[in-house]
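> Let me begin by handing over the structure; questions about it come next.
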Amino acid sequence: MHWNIGEVTVTKVLELEVLGGSRFVLPDATREAVMPIQWLVPHFADAEGRLRMSIHALLIRTPKLKVVVDPCLGNDKKDRRVPGWNERQGPFLKDLEQAGFSRESVDIVLCTHLHVDHVGWNTMLVDGQWQPTFPNARYLFGRVEYEYWKEQHIREDARPVFEDSVRPVFDAGLADLVETDHRICDELRLTPSLGHTPGHVSIEIASAGQRGLITGDIAHHPCQLARPHWRASPDCDPDQAEATRRRMFRDLCNQPVLVLGTHFAGPTAGWVEPDGEAYWLRTEAKQ
Ligand SMILES: [Zn+2]
């Protein structure tokens with residue numbers, strides 16, 4: 001699945017898609033509460049109100065660079081809270097290669113934030129050691145985000161993720177710390193979208209008069225367009241996260257900006273349209 005934004009292409013590589021079981025992420029999104037939001041069916045929810053969510057990476061190809069955004073959960077990881085996220089043996093790297101992104105060819109790896117489902121393939125297990133998956137890439141980490149998780153890594157749930165998926169990249173000398181408004185190249189720029197985590201960023205794409213935005217986890221599911229006050233339990237600062245979400249939806253509404261969701265299932269991308277006091281995601285291009 002891929003999209004063109006001017007001279008930039010974005011390709012989705014899926015690691016995992018699930019139906020239901022999202023209550024631990026969005027506790028307000030009960031089946032009864034989801035069912036009235038009818039435009040979510042069939043792509044983002046089923047008729048019984050169960051949400052579809054996905055974990056995927058987005059591959060960006062600009063005229064000069066190959067960029068991997070949010071490299072998912074990874075294989076062989078241990079000590080993850082969600083049982084199915086441990087000891088995975090998925091075909092992610094094969095899928096990447098099929099999309100024209102061999103490990104050696106990747107120029108930049110970018111994590112919108114340092115949660116477990118956004119950093120996994122930063123590293124791979126080689127002879128019992130965690131090594132950077134992309135040996136010729138620069139890995140861009142937000143300075144604020146990195147410093148926060150470095151402090152937090154004494155926390156039992158955060159430590160394994162930092163140790164197996166972030167630290168080895170620094171040890172190998174492949175990491176660059178950047179600010180939340182960092183410009184990567186002519187077509188790509190970070191923009192701060194704080195709250196889900198302290199240094200969370202989204203990615204603006206602009207090329208040949210066309211625009212796109214990779215959300216990161218400012219919204220975990222399109223139902224939050226209809227219900228911006230529905231909060232995600234992993235939000236570090238829920239008030240700030242909600243304010244960011246409302247500001248971004250308002251700014252994106254009725255704009256020709258293709259919004260690419262980091263956990264949006266199925267079609268994954270669309271345009272923000274007004275719907276009463278809130279919004280909906282139009283996934284078909286206008287005729
Ligand atoms: Zn996430």
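Taken together, the values in this text are just the output of simple stated rules run on the coordinates, not laboratory data. All figures in this text were calculated on a predicted structure; none of them were measured in a lab. Cβ atoms come from the backbone with ideal geometry, glycine included; neighbour counts cover every protein chain shown.
> Percent relative contact order of segment 1-58, based on C-alpha pairs within less than 8 angstrom and at least six residues apart?
Relative contact order here is 43 percent.
> For the chain, what is the calculated [θ] at 222 nm in deg cm²/dmol (nearest 500), taking -39500 (n - 2.57) for each run of four or more DSSP H residues and dividing by its residue count?
So the helix-based figure for the chain works out to -4500 deg cm²/dmol.
> When you count, for each residue, the other Cβ atoms within 10 Å and take the mean per peptide, how do 46-56, 117-127, 88-98, 234-244 rank with the highest first?
Going by the mean number of other Cβ atoms within 10 Å, highest first, we get 117-127, 46-56, 234-244, 88-98.
> Continuing with this model, one more query. So for segment 29-100, averaging the separation of alpha carbon pairs under 8 Å that are six or more residues apart and normalising by length, what relative contact order in percent results?
Value for segment 29-100: 16 percent.
> Could I ask something else about it? At a 10 angstrom cut-off on C-beta neighbours, averaged per residue, how do the peptides 30-39, 217-226 rank from highest to lowest?
217-226, 30-39
> I'd like the distance separating the alpha-carbon centroids of segment 114-144 and segment 51-95, in whole Å.
Measuring centre to centre over Cα atoms gives 11 Å.
> Only Cα pairs under 8 Å and at least 6 apart count here; give the relative contact order of the chain as a rounded whole percent.
Relative contact order, the chain: 17 percent.
> How large are Rg and Dmax for segment 105-251 when only the alpha carbon atoms are used, in Å?
Reported Rg and Dmax, both Å: 15.8, 49.
> Past the 22 Å Cα-Cα mark, which pairs from K66/K286; K12/K94; K12/K66; K12/K64; K64/K150?
K66/K286; K64/K150
> Between segment 191-258 and segment 148-188, what is the C-alpha centre distance in whole Å?
21
> Mind checking the log10 I(q)/I(0) for the chain at q = 0.08, 0.10 Å⁻¹? Debye, one equal scatterer per Cα, no solvent, two decimals.
Results for the chain at q = 0.08, 0.10 Å⁻¹ read -0.30, -0.49.
> Nearest 10 degrees, 0 to 90: what angle lies between the long axis of helix 143-152 and the longest principal axis of the chain (Cα atoms)?
Between the helix axis and the principal axis of the chain, the angle is about 80 degrees.
> Using alpha carbons only, how many degrees (0 to 90, rounded to 10) separate the axis of helix 238-252 from the longest principal axis of the chain?
70
> Give the Kirkwood hydrodynamic radius (Å, one decimal) of segment 79-179, defined as one over the mean of 1/r across all pairs of different Cα atoms.
14.1
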